[in-house]
Each structure stands twice: as C-alpha cells, then as structure tokens.
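Below: the structure, in structure tokens.
Read-outs throughout are calculated quantities, based only on the coordinates presented, and are distinct from any laboratory measurement. Keep in mind it's a predicted model, so treat the numbers as computed, not measured. Quick reminder, even Gly has a Cβ in these numbers, built from the backbone with ideal geometry, and neighbours come from all protein chains shown.
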Amino acid sequence: MNQYINSNYLTFQLGRACKQCGEPIADQEHSTREFCDKYYDEYGKVYDCKTSYHRERDKPERDAQRDLINFHKEMAIRIHQLYTNRGDIVKTGDLDAFNILLTKSIEFGISENGEMTSIFMGFKIITNPLTNNHKIIQYDK
Ligand SMILES: [Zn+2]
C-alpha cells in the first residue's frame, strides 16, 4: 500500500477483492491490484496470496503432465510385453490385443514411402500400410 494513502480515507466502492482470500481491496490501490499485500501474522507466518493463488492454479497442469507420463510408462510396458511375446513384427490385431494405441504415440511421422512411425517411450513402431505389419524397434533415449 502506498504510504501516503491515509487509511481513514480508504473506500471500497469498487467492490474489488483479493482473488485468493477475498479480502476487500481499497479503491485507492492501483487498478491492476488483484491480491492483498504479502503480510505476516502475529506468529510470523507469511501470507502471500498472489503466490498461493498461482501455486494452486498450476497444480492441475502438473497433475495432467504426471498422468500423461504415467500413461506413456504403461504404454511402454505393454509394448515391451508384446515385443517379448510376439517378436518384433506384429499385426494390427496384436496391437489391439495388448491395447496399444498408435494414435496415442508421443510423436508420429510418415515417411516418403508411406511408412508410419509412431514414437513411444523407449520404442518406435514402424507401420507398413501395405502389409499392415508393425515393426517394433527398441531404442534408448
Ligand atoms: Zn488475499
């Protein structure tokens, strides 16, 4: 808060409030202010509404990222199972049987000869569109 604002003259006509804790923000505060000032309570605990707000909002994004990583780890396990059970050349039915979804690859590309490459964690699957054979190739990152 600007020190020259006399707190006796603060008004709250605009109805602005902190986006985190809902404390009213005085009309005399800068128009872009969205949070209360960082303050310490009598026990020295810090209240930093702006930081708390952004930390909470970033969380769903971090969860989504973790879910995606877990998904690809599971996918890699299934590809590895398929690879050890059926070898490196498999049919579309084999992919289906192991619930491997080429459309859910991390990256996808088509070469000039029409071969499709689906990149997964630790594996590439090269699909020949004419024979519908899929070649599983292990790779290190
Ligand atoms: Zn606040």
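Worth pointing out:
- Here the condition is being more than 30 Å from Y9 (Cα to Cα), surrounded by 14 or more Cβ atoms within 10 Å (Cβ to Cβ) and among the small types (G, A, S); of G122, G87, it holds for G122 alone.
- Complete set of residues in segment 86-108 that are over 11 Å from I136 (Cβ atoms), over 25 Å from the mean Cα position of the chain (by Cα) and in a helix (DSSP H, G or I): T92, G93, D96, A97
- Segment 8-22, residues that are surrounded by 14 or more Cβ atoms within 10 Å (Cβ to Cβ) and either part of a loop (DSSP other than H, G, I, E, B) or touching a residue at least 24 places away in the same chain (Cβ under 8 Å) (or both): L10, R16, C18, K19, Q20
- The one condition in (1) surrounded by 10 or more Cβ atoms within 10 Å (Cβ to Cβ); (2) of a type in the set (D, E); (3) in contact with a Phe, Trp or Tyr (Cβ under 7 Å, 6 or more places away or on another chain) that D58 fails to fulfil: (3)
- Single match in I125, I137 (criterion: touching a Leu at 6+ places or on another chain (Cβ under 7 Å) and in a strand (DSSP E or B)): I125
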